[in-house]
Number of protein chains: 2
Amino acid sequence: MTDRIWNFSAGPAVLPESVLEEARENLLSLGDTGVGICEHSHRGKPFVAVAEEAEALCRELAGIPDNYKVLFLQGGASTQFGMIPMNFLAKDQTADYLVTGSWSKKAVKEAKLFGNVHTVCSSEDKNFNYIPTDKTYSDSPRYVHFTSNNTIYGTQFASEPAGFSNEAFLVNDSSSDIFCRPIDVSKYGIIYAGAQKNLGPSGVTLVIIRDDLVEQGNSELTSMLQYRTHAASDSMYNTPPTFGIYLMMLVFRWIKANGGLAGMHERNKAKAGKLYEYLDSSSLFQPTADKASRSLMNVCFVTGDADKDAAFLKKADAEGFSALKGHRSVGGMRASIYNAFPSEGVDALISFMKDFEATA
Amino acid sequence: MTDRIWNFSAGPAVLPESVLEEARENLLSLGDTGVGICEHSHRGKPFVAVAEEAEALCRELAGIPDNYKVLFLQGGASTQFGMIPMNFLAKDQTADYLVTGSWSKKAVKEAKLFGNVHTVCSSEDKNFNYIPTDKTYSDSPRYVHFTSNNTIYGTQFASEPAGFSNEAFLVNDSSSDIFCRPIDVSKYGIIYAGAQKNLGPSGVTLVIIRDDLVEQGNSELTSMLQYRTHAASDSMYNTPPTFGIYLMMLVFRWIKANGGLAGMHERNKAKAGKLYEYLDSSSLFQPTADKASRSLMNVCFVTGDADKDAAFLKKADAEGFSALKGHRSVGGMRASIYNAFPSEGVDALISFMKDFEATA
Ligand SMILES: Cc1ncc(COP(=O)(O)O)c(C=O)c1O
Ligand SMILES: Cc1ncc(COP(=O)(O)O)c(C=O)c1O
Ligand SMILES: [Mg+2]
Ligand SMILES: [Mg+2]
Ligand SMILES: [Mg+2]
Ligand SMILES: [Mg+2]
């Protein structure tokens, strides 16, 4: 078997090796069923057990209160950008958006199709390299939407935005930092995340939604666009993405075995900490995000010289450090070091960077 | 490794064993990339090559004309039930639906949210056990929608519905018989299918759509609900279900290696043929679908005695014939024998049924 390399992809991203090994063993037969994991009916006992374990572990890991539904949907976070305003924002209402990156902007664009959007804050003035501290909410927003981690720019909220009308509910696009640290779900109305960074493969989207919102959603939409449809049928109104849910269940088991969300937080602080520490000390590489806004998940950095960046990326790739190229809107490098990214991979990267710096 | 059993699941359904074996080998490293198939960025070369091969093989197998787009979407056929009228049916327009089963009815329900629905024909009078021959179209339907194979009832159209205004375009929910036989794509405006019966795992939906329709779709919808969004970005506007597309690509390779759609048709006629032949000769089991409307994919049958059905199902399950229980709206048994279901499994089932009949 080919050796695995260090995969810094921003998503789809590295998965725990033990999870992939277990999935591999179950591809032709899930346990002793004689039927592979992708081939089981979603209505049959073996898959229903998988889906139930996925939900139970998700609830346990995040301490999700009983008055929240846990949904496994299709369509990615991009579908949620639309489903949220479509369900909750009427023409004469206003939703408040914190604009901290391209994903926030895409979410705003969809919301404007349905109602008014008020911008609480924006860090676009500095190419989204920081999380604004000044926030101005509208008087009575229907909801307040933020992107807890900005995948492209490597910034992350240290805590939930606060200070808005308590009539409004908080919505979080947590696609790129879900379960990277403990979370107080009771502060939120809706948390959503495409699985493909911290939770599993692409093709399944986790949505955690409060029961009263499930009820309040627009009932004139097609079935698939109403949260109540999925809530009422345990995400099995239609055929769910069974393999994705299975892998997510295995990832939840792995998170639990590694100390739960608190354990993930310790791991992530240690991994990101040593990388930022090196970047701060390096005279070749500089981190691009504001110090107070640094992400635990996506570490962005540049040399300040496009040719050197290119030379570094080329050498990195040749030596088994893959997908380190930054997004074109930032340039330079981005090391995505999600939950499953091994600490040894960060050590290896730092040592490679030091060598490069010494010879550059 | 556990022996594989005969899996008659209606979907998710059996996949070619060689496809699963190949997927297994690529779960920790796709080829020699050192990164597993689920972990590759959808924008990276290795996955883009997979997606391109999937599209190219799909086009080759079905002879898809150049003026059609091939899309790999999320959300299942159920999302298409809504997306089609949402994109093409205005309030004052009429769409014509052929109602041949529960899935057709669900499609109708979503269409009624957007415009008028005219029922061309319905076989509900006989619990959908036949494909109607009498059809009355409306004068100028926007489109004509049919379900080419009725998964639950085991009926299938022998050929495309015809005789409607040539201003209308034909839409086919081909979820449960896509690529079971050659198809003349040029007769259609849109063909869609959840992958989980004939093409791959659940979580990816194939949509074949004519270019002029991509252009005509409602442009006031959210990005994810417009076909043009996906058409313009080769189904990569957002993160696609990468593993599902990979498995579909492997299934397309398998279809090609096994004679293409003509080869599938021969296989399917032979498999279904011998099962119906036995059912016709059996004095214990009766097929439920009208002879002229029989499906190549889902073979439904009963003993006429609920207790005997239950005894049969219990014994079948114990002997490794899995998921033979019919849908509750038909009762009895259903053998789903999609493209990937092996001919030997049909032989084994027939011989088991003969034994059961002999001792019942
Ligand atoms: C923060 C954030 N939101 C949304 C998305 C879009 O997710 P999806 O591709 O699942 O639609 C991404 C994907 O990278 C992301 O990083
Ligand atoms: C003919 C037909 N149409 C639609 C569907 C629904 O598909 P999905 O579960 O992908 O939404 C099915 C699923 O069994 C089906 O058999
Ligand atoms: Mg971003
Ligand atoms: Mg539940
Ligand atoms: Mg049906
Ligand atoms: Mg193309």
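When B:C58, B:C38 are screened for being of a type in the set (A, V, I, L, M, F, W, C), in contact with a Phe, Trp or Tyr (Cβ under 7 Å, 6 or more places away or on another chain) and within 16 Å of ligand 1 (Cβ to nearest atom), only B:C38 passes.
So, of the residues in region B:72-84 that are closer than 19 Å to A:A77 by Cα and touching a His at 6+ places or on another chain (Cβ under 9 Å), which turns out to be nearest to the other protein chains (Cβ to nearest Cβ)? Among them, the one singled out is B:L73. Candidates in region A:52-100 are the residues that are away from ligand 4 (no atom under 16 Å from the Cβ) and hydroxyl-bearing (S, T, Y); of these, the one that is farthest from A:I209 (Cα to Cα) is A:T100.
Under the condition of being part of a loop (DSSP other than H, G, I, E, B), within 14 Å of chain B (Cβ to nearest Cβ) and not basic (K, R), the residues counted in region A:102-123 number 3. Number of residues in region A:1-10 that are touching a Leu at 6+ places or on another chain (Cβ under 7 Å) and at the interface with chain B (Cβ under 7 Å from one of its Cβ atoms) equals 2.
Residue-by-condition table, conditions (1) of a type in the set (A, V, I, L, M); (2) closer than 30 Å to B:R328 by Cβ; (3) touching a His at 6+ places or on another chain (Cβ under 8 Å):
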| site | (1), (2), (3) |
| --- | --- |
| B:Y246 | no, no, no |
| B:M264 | yes, yes, no |
| B:L275 | yes, yes, no |
| B:D280 | no, yes, no |
| B:P287 | no, yes, no |
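When you scan region A:87-101, do you find a residue that is away from ligand 3 (no atom under 16 Å from the Cβ), at pLDDT 95 or above, more than 19 Å from A:F164 (Cα to Cα) and not in a loop (DSSP other than H, G, I, E, B), even just one? Yes: one or more hits. If you check A:S29 against the conditions, is it within 16 Å of ligand 5 (Cβ to nearest atom), out of contact with any His (no Cβ under 8 Å at 6 or more places or on another chain) and assigned by TED's automatic domain parsing to the domain that holds A:N150? Taking the combined requirement at face value, the residue does not satisfy it. Of the helices (runs of 4 or more DSSP H) entirely within region A:143-259, those holding at least 1 residues that are touching a Gly at 6+ places or on another chain (Cβ under 9 Å), touching a residue at least 40 places away in the same chain (Cβ under 8 Å) and within 14 Å of another protein chain (Cβ to nearest Cβ) occupy A:242-257. Does at least one position in region A:85-98 carry a residue that is away from every other protein chain (no Cβ under 12 Å), more than 23 Å from A:Y153 (Cα to Cα), more than 16 Å from ligand 6 (Cβ to nearest atom) and among the basic types (K, R)? There is at least one residue in region A:85-98 that is away from every other protein chain (no Cβ under 12 Å), more than 23 Å from A:Y153 (Cα to Cα), more than 16 Å from ligand 6 (Cβ to nearest atom) and among the basic types (K, R).
Considering each residue of region B:129-141 in turn, none proves to be modelled with pLDDT of 95 or more, in a helix (DSSP H, G or I) and away from ligand 6 (no atom under 16 Å from the Cβ). Evaluate the following for B:S235: is it under 22 Å from the mean Cα position of the chain (by Cα), buried (at least 23 other Cβ atoms within 10 Å of the Cβ) and under 30 Å from B:A90 (Cα atoms)? So B:S235 fits the description; yes.
Exactly one residue out of A:R328, A:R334 is touching a residue at least 40 places away in the same chain (Cβ under 8 Å) and farther than 22 Å from B:D32 by Cα, and it is A:R334. Filter region A:308-323 down to residues that are under 26 Å from the mean Cα position of the chain (by Cα) and surrounded by fewer than 21 Cβ atoms within 10 Å (Cβ to Cβ) and give me whichever is nearest to B:G34 (Cα to Cα). Looking at residues that are under 26 Å from the mean Cα position of the chain (by Cα) and surrounded by fewer than 21 Cβ atoms within 10 Å (Cβ to Cβ), I get A:G320.
For region B:4-22, how many residues are touching a residue at least 12 places away in the same chain (Cβ under 8 Å) and in contact with a Gly (Cβ under 6 Å, 6 or more places away or on another chain)? Number of matching residues: 3. I'd like to know if region A:45-63 contains one or more residues that are among the small types (G, A, S), touching a helix residue (DSSP H, G or I) at 6+ places or on another chain (Cβ under 8 Å), within 16 Å of ligand 2 (Cβ to nearest atom) and part of a helix (DSSP H, G or I). Within region A:45-63 (the criterion being among the small types (G, A, S), touching a helix residue (DSSP H, G or I) at 6+ places or on another chain (Cβ under 8 Å), within 16 Å of ligand 2 (Cβ to nearest atom) and part of a helix (DSSP H, G or I)), the answer is yes, since at least one residue qualifies. Quick one: is A:D139 under 30 Å from A:L221 (Cα atoms) and more than 16 Å from ligand 5 (Cβ to nearest atom)? Criteria met by A:D139. Sort out which residues of region B:279-291 are surrounded by 13 or more Cβ atoms within 10 Å (Cβ to Cβ) and over 25 Å from the mean Cα position of the chain (by Cα), and write them in order of number. B:S282, B:L284, B:F285 - these are the residues of region B:279-291 that are surrounded by 13 or more Cβ atoms within 10 Å (Cβ to Cβ) and over 25 Å from the mean Cα position of the chain (by Cα). Take the residues in region B:11-38 that are within 7 Å of chain A (Cβ to nearest Cβ) and of a type in the set (A, V, I, L, M), then tell me which one is nearest to A:R43 (Cα to Cα). Once the filter is applied, the top-ranked residue is B:A13.
Tell me, please, whether a residue that is at pLDDT below 95 and in a helix (DSSP H, G or I) can be found in region A:325-334. No, region A:325-334 contains no residue that is at pLDDT below 95 and in a helix (DSSP H, G or I). Are any of the residues in region B:292-307 among the hydroxyl-bearing types (S, T, Y), outside any helix (DSSP H, G or I), surrounded by fewer than 23 Cβ atoms within 10 Å (Cβ to Cβ) and in the same structural domain as B:M353 (by TED's automatic domain parsing)? Yes, region B:292-307 contains at least one residue that is among the hydroxyl-bearing types (S, T, Y), outside any helix (DSSP H, G or I), surrounded by fewer than 23 Cβ atoms within 10 Å (Cβ to Cβ) and in the same structural domain as B:M353 (by TED's automatic domain parsing).
Being touching a Pro at 6+ places or on another chain (Cβ under 6 Å) and away from ligand 3 (no atom under 16 Å from the Cβ) holds for only one residue in B:L296, B:L279, B:L284, B:L313, and it is B:L279.
For every residue, the table says whether it meets (1) crowded, with 24+ Cβ neighbours inside 10 Å; (2) within 25 Å of the chain's Cα centre (by Cα); (3) under 30 Å from A:L313 (Cβ atoms).
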| site | (1), (2), (3) |
| --- | --- |
| A:I5 | no, yes, yes |
| A:L15 | yes, yes, yes |
| A:L28 | no, no, no |
| A:P65 | no, yes, no |
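The values are calculated or read from the model by the stated rules, or taken from the named source; none is laboratory data. Fair warning: this is a prediction, and the values are worked out from it, not measured in the lab. Cβ sites come from the backbone with ideal geometry, for glycine too, and all protein chains shown count toward neighbours.
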